[in-house]
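Undergrad: The following block contains the structure, expressed as C-alpha cells.
The values are calculated or read from the model by the stated rules, or taken from the named source; none is laboratory data. Keep in mind the model is a prediction, meaning the values are calculated, not measured. Backbone-built Cβ (ideal geometry, glycine too); neighbour counts: all protein chains shown.
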C-alpha cells in the first residue's frame, strides 16, 4: 500500500525562510535511501530553477508539493469540522428525544389522573331551607302621594285669590274668594223652582187628571228639590266656607289656573294642591330581587341631595311590569315627610329588607355565580354539574332558591380537578 502511494505521490518539500534551502519530507511508510534522496534533491532543484526562470519572466509559480500540503490541511480541517457538527447534531437529537419522552409521560399521567384516578374531595351537605334576609335597593324619584284639583260644581265669579304657586297651606285655609251674590241668587232660584214644582204637583193631583200627568209632575218636583239641596250642600260643603274655597289638606300650591274677576264654568279646575305630609318614592329594583320584595316591608330612603339623612318608609305597592331597558321593576315606598325634607321630583335611593326561603351554601362551592350558576353534585361516587339559581349572597355565603334539595352533597374542594362524571372519594363532610 505504502509502495503504491510512494509511486504516485512525490516527495513533500517544505520551503524555509531561506530561498536556497529546502527541507525534504519523507514519504509515508517508506525509508528514504541515499540514492533516492539525491534523486529528490535533483527534482527539487529543477523545480526551483524552473520557478526562478518564471520569476525572471515576470510570472510567479507555486511548487506542486506546497499545493499538496495545503490540500492535506484542508482535508484534515474539513474532517475535524464534520466530526464536530456530527457530535453536536447527535447531542441535540438525543436531547429532543428525551424531551419528547418526558412530555409524553407527563401527558399520559395527566390523562390518567384526570379520567381514571379517583379524586379525593371535601363536600358540603346541604341543610334545610332557611328564611334569609337580604338588603336590596335601587334609585327612584320622589312624588306626591296625592294631588288635589280644586273645583266647584257651579259657575261662579272669582273675587280674589289668597295664595300663589309654591305656598305651603294648611287644612281649611281659604284659597279663593267667590262672589256670594251669584251663589245666593242660584240658591234662591233653586228654591223658587222647588216651590213651583210643588204647586203644579198639588194642582194636578187635586183635579184627578190623567195619571201620566201626575207622575210627570212628581218627577219634576223631585228633580228641582234635589238640585236645591245640592246647592245648599255646596254652600256648606268641605271646600266652601263663608263664600271661600278652602284647602282640604295640608300641602303646597302647585298651580293656579284662574284670575280675580273671571267667571269659570262648573267643575273647572281652579287650583292644584299637593299633599306633602307623606310622599311616595317610585324606586326601580333589579328583576333578580323580585321574589325578595313584599308589601309592607320596611325601607330606608336616602335623598341624593342629603346623603347624611335616612328616612323610614314602607313598601306600599309592587308594580308587576318589567323595564326591558334596565331589567328592573317599580316599587312604591311611602315615606312620612313630617320635617318637609323631601319634595316631589327629588331623586333618592331606597334600601329594602327582602326575606325569602333559600338554601345556604358556601360561596366557594358555586361556579359562575353571576351567570348560569352551577355546583358539582356528588351521586353514587361520581360528580355531576347541577345548575342552580342564586337569589342572594352574604360575605362568604350564597342563597340558592332552586336547583338543590336538602341533604344534597356538593363539592367544596378541589373544583379545578373535576369534570363531568369524575370518580371521587369523600374525605371530609362539612355542614
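Undergrad: Are any of the residues in segment 111-118 part of a strand (DSSP E or B), touching a residue at least 40 places away in the same chain (Cβ under 8 Å) and in contact with a strand residue (DSSP E or B) (Cβ under 6 Å, 6 or more places away or on another chain)?
TA: No - not one qualifying residue is present in segment 111-118.
Undergrad: Can I ask one more? Could you please find all residues in segment 414-431 being within 14 Å of residue 118 (Cα to Cα) and assigned to a strand (DSSP E or B)?
TA: 423, 424, 425, 426, 427
Undergrad: Return the pairs, sorted by first residue and then second, in which the second residue is surrounded by 12 or more Cβ atoms within 10 Å (Cβ to Cβ) and part of a strand (DSSP E or B), the first residue lies in segment 253-272 and is touching a residue at least 40 places away in the same chain (Cβ under 8 Å) and on the phi > 0 side of the Ramachandran plot, the beta carbons are less than 9 Å apart, and the residues are 6+ apart or on different chains.
TA: 261/157; 261/158; 261/159
Undergrad: Of all residues in segment 385-400 being closer than 27 Å to residue 421 by Cβ and surrounded by fewer than 20 Cβ atoms within 10 Å (Cβ to Cβ), which is nearest to the chain's Cα centre (by Cα)?
TA: 389
Undergrad: Examine segment 342-353 for a residue that is touching a helix residue (DSSP H, G or I) at 6+ places or on another chain (Cβ under 7 Å) and either in contact (Cβ under 8 Å) with a residue 40 or more places away in the chain or buried (at least 19 other Cβ atoms within 10 Å of the Cβ) (or both), and state whether such a residue exists.
TA: Checked segment 342-353: no residue is touching a helix residue (DSSP H, G or I) at 6+ places or on another chain (Cβ under 7 Å) and either in contact (Cβ under 8 Å) with a residue 40 or more places away in the chain or buried (at least 19 other Cβ atoms within 10 Å of the Cβ) (or both).
Undergrad: Within segment 148-155, identify whether any single residue is buried (at least 16 other Cβ atoms within 10 Å of the Cβ) and touching a strand residue (DSSP E or B) at 6+ places or on another chain (Cβ under 6 Å), and answer yes or no.
TA: yes
Undergrad: Name the pairs whose Cβ atoms lie under 9 Å apart, with the first residue in segment 392-403 and on the phi < 0 side of the Ramachandran plot, the second surrounded by fewer than 18 Cβ atoms within 10 Å (Cβ to Cβ) and in a loop (DSSP other than H, G, I, E, B), and 6 or more positions between them or separate chains?
TA: If the second residue must be surrounded by fewer than 18 Cβ atoms within 10 Å (Cβ to Cβ) and in a loop (DSSP other than H, G, I, E, B), the pairs left are 393/369; 398/369; 398/373; 400/373; 401/129.
Undergrad: Among the residues of segment 270-282, is any assigned to a helix (DSSP H, G or I) and within 27 Å of residue 344 (Cβ to Cβ)?
TA: No: zero hits.
Undergrad: Please determine whether any residue of segment 138-148 is part of a loop (DSSP other than H, G, I, E, B) and at pLDDT 90 or above.
TA: no
Undergrad: If you don't mind, there's one more thing I want to ask. Of 363, 417, 407, which residue is in contact (Cβ under 8 Å) with a residue 24 or more places away in the chain, outside the structural domain of residue 293 (by TED's automatic domain parsing), under 29 Å from residue 131 (Cβ atoms) and surrounded by 13 or more Cβ atoms within 10 Å (Cβ to Cβ)?
TA: Answer to the selection: 363.
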